[in-house]
1. Look through segment 426-446, keep the residues that are surrounded by 22 or more Cβ atoms within 10 Å (Cβ to Cβ) and among the small types (Gly, Ala, Ser), and return whichever of them is farthest from Ala20 (Cα to Cα).
2. Which one of Asn431, Asn471 is of a type outside the set (Ser, Thr, Tyr), under 24 Å from the mean Cα position of the chain (by Cα) and over 23 Å from Thr113 (Cβ atoms)?
3. Restricting to segment 180-214, name every residue that is of a type in the set (Phe, Trp, Tyr) and either more than 23 Å from Ile389 (Cα to Cα) or within 12 Å of the ligand (Cβ to nearest atom) (or both).
4. Let me spell it out: the conditions are (1) at pLDDT 95 or above; (2) more than 16 Å from the ligand (Cβ to nearest atom), and Ser439 meets all of them except one. Which number is the exception?
5. Under the condition of being of a type in the set (Gly, Ala, Ser), over 20 Å from Asp413 (Cβ atoms) and surrounded by fewer than 22 Cβ atoms within 10 Å (Cβ to Cβ), which residue from segment 330-380 is modelled with the highest pLDDT?
6. Taking Ser467, is it away from the ligand (no atom under 14 Å from the Cβ), of a type outside the set (Phe, Trp, Tyr) and touching a residue at least 24 places away in the same chain (Cβ under 8 Å)?
7. List every residue pair whose Cβ atoms sit under 6 Å apart, with the two residues 6 or more apart in sequence or on different chains, where the first one lies in segment 434-448 and is in contact (Cβ under 8 Å) with a residue 12 or more places away in the chain and of a type in the set (Phe, Trp, Tyr) and the second, anywhere, is away from the ligand (no atom under 11 Å from the Cβ) and assigned to a strand (DSSP E or B).
8. Could you list all residues from segment 447-462 that are assigned to a loop (DSSP other than H, G, I, E, B) and either more than 14 Å from Ile22 (Cα to Cα) or within 16 Å of the ligand (Cβ to nearest atom) (or both)?
Amino acid sequence: TKKNTTIPDNFLWGGDISAAQIEGAWDEDGKSPVEVDYYLGGDVNTPRYAYIVNDEGDEKKVLQWSGQIPKGYKYTLKVGKIYPNHFGTDFYHHYKEDIKLLYEMGFKALNLTLSWARILPQGIAGGVNKKGVEFYRNVLLELKKYNIEPICILYKYDMPAFYVTDFGGWSNKKLIDEYYEFCRICMTEYKDLAKHWVTFNEINILTLVNDGNANTTIKDTQRVYEETHNQLVASARVVSLGHKVNPEFKVGCMVAGTAAYPLTPKPEDVLATQKFMEKNFYYFSDVIVRGEYPYYSKNIWNSLGIDLKVSDEDIKYLKDGKADFLGFSYYMSSCVSNDQSGNSNGNLVSGEKNPYLKESEWGWQIDPMGLRWFLNELAQRYDNLPLMILENGLGARDTLTEDKHVHDQYRIDYMREHIKAVEASLNDGVNIMGYTMWSCIDLVSMGTGQLSKRYGFIYIEVNEDGSGSFNRYKKDSFYWFRNVLKSNGQNL
Ligand code: BG6
């Protein structure tokens, strides 16, 4: 049906991929292992975990998202076990074919990660890995060939693992300098190939998993807030850096969109929802956009018993490094009640089930209208600062038919309704710079490590154990999305 939409010509429309989830080639051409390379696959009921060992040979398991491991321990791999991120869906060896398919679909933008562990595998001390730099140059040149605008994410669940064991991860301020140097290399090397940069993916992840995810092993809230602070400072410094490298760069940061409604109109629930949003989303976006901690942050710290040291230097970094745009991911919404029991699943938070919404097989509650509402909320809060939806999609089990088709009408339905919501927001006057779908190509699920939790428009023939042809097939959603893009959103 023809509609009257106002999608701007320069709208960054396309999809997302992420290095640690799609590339495979985990130890090729000088790359060092990233944290998730040590995590085994799981499923909706089985959390992912890694093995760690100390010099005395004492072995332990750590659950995913812990981000911290006890002193003296190192990650270790077990022979005979399957590590899904080691092979991913092998973008490393298929990128030309994959990018051509994205072009065929009419992509205007691709949101991708540049992997720290490929470019600076052993940190500053180990020097630059030329092969890593070359790989992303080739990828970016391939995108340029097809006029697909890259949006480069500099950190997405892919920190070189030795930083966790040898540096203590983000709790160590030295990591800010390491990350800054990695970003400096990327921004200067690819100065003429990429204009849009995202400093961190889902920068609220550490506090979210510390709080809401029963699966994490370590819950040291003081440390988690310090780590998060270091990331916010690192992000701000890289925004300033980007502006120095090329004043035309647009540098933003990304927050997991924890959109939440009160479960009931009870004032206690409404207030609890406001507090929930402050703690889980606005605490981050306010710093990113406004360059300082918001007025309510002191209450958050006090209520958690946290003493956060924010130096004058950090205050200045935050102030100088305000983002050009705010990115967020959006899969679902949740409900908050004052007497929470948390009976619904989610990618990062669990809340109360909304009786008006359906959910995916993984229990994520599907809420297209919530996206319009959330976009408008952010536009109001930030005086219509440019927003980017940097992830939205449906994880589902797809079936490849004998004649190599995938009839994923459920994904088309999900996407159509969400695109309608974005178009409605644009018509509301919200300043949306771009909208990229997770994940345009099948890859390994971050939360469960499954290959069978698929999000792509492009199907990849690979099984949980890494067997398979790795052939690429176009799903029904591929043809549908091509139509949407070619008509600039008119044909849904
Ligand atoms: C987002 C992450 O939160 O959710 C992605 O940025 C992730 O890395 C996506 O893959 C979907 O979650 P999952 O657990 O289904 O892979």
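The values are calculated or read from the model by the stated rules, or taken from the named source; none is laboratory data. Every value quoted in this text rests on a predicted model; they were computed, and no experiment measured them. Using ideal geometry, Cβ is built from the backbone for each residue, glycine included, and neighbour counts are taken over all protein chains shown.
1. Applying the filter and picking the extreme gives Gly434.
2. Working: Asn471 fails: under 24 Å from the mean Cα position of the chain (by Cα).
Result: Asn431 is the single residue among Asn431, Asn471 that is of a type outside the set (Ser, Thr, Tyr), under 24 Å from the mean Cα position of the chain (by Cα) and over 23 Å from Thr113 (Cβ atoms).
3. First, pick out the residues of segment 180-214 that are of a type in the set (Phe, Trp, Tyr): 180, 182, 190, 197, 200.
Selection gives Tyr180, Phe182, Tyr190, Phe200.
4. That leaves (2) as the condition not met.
5. Ala379
6. Working: away from the ligand (no atom under 14 Å from the Cβ): yes; of a type outside the set (Phe, Trp, Tyr): yes; touching a residue at least 24 places away in the same chain (Cβ under 8 Å): no.
For Ser467, the condition - away from the ligand (no atom under 14 Å from the Cβ), of a type outside the set (Phe, Trp, Tyr) and touching a residue at least 24 places away in the same chain (Cβ under 8 Å) - is not met.
7. Tyr435/Trp13; Tyr435/Ile389
8. Let us first name the residues in segment 447-462 that are assigned to a loop (DSSP other than H, G, I, E, B), namely 447-453, 455-457, 461-462.
If the condition is that a residue be assigned to a loop (DSSP other than H, G, I, E, B) and either more than 14 Å from Ile22 (Cα to Cα) or within 16 Å of the ligand (Cβ to nearest atom) (or both), then Gly447, Thr448, Gly449, Gln450, Leu451, Ser452, Lys453, Tyr455, Gly456, Phe457, Val462 are the ones that fit.
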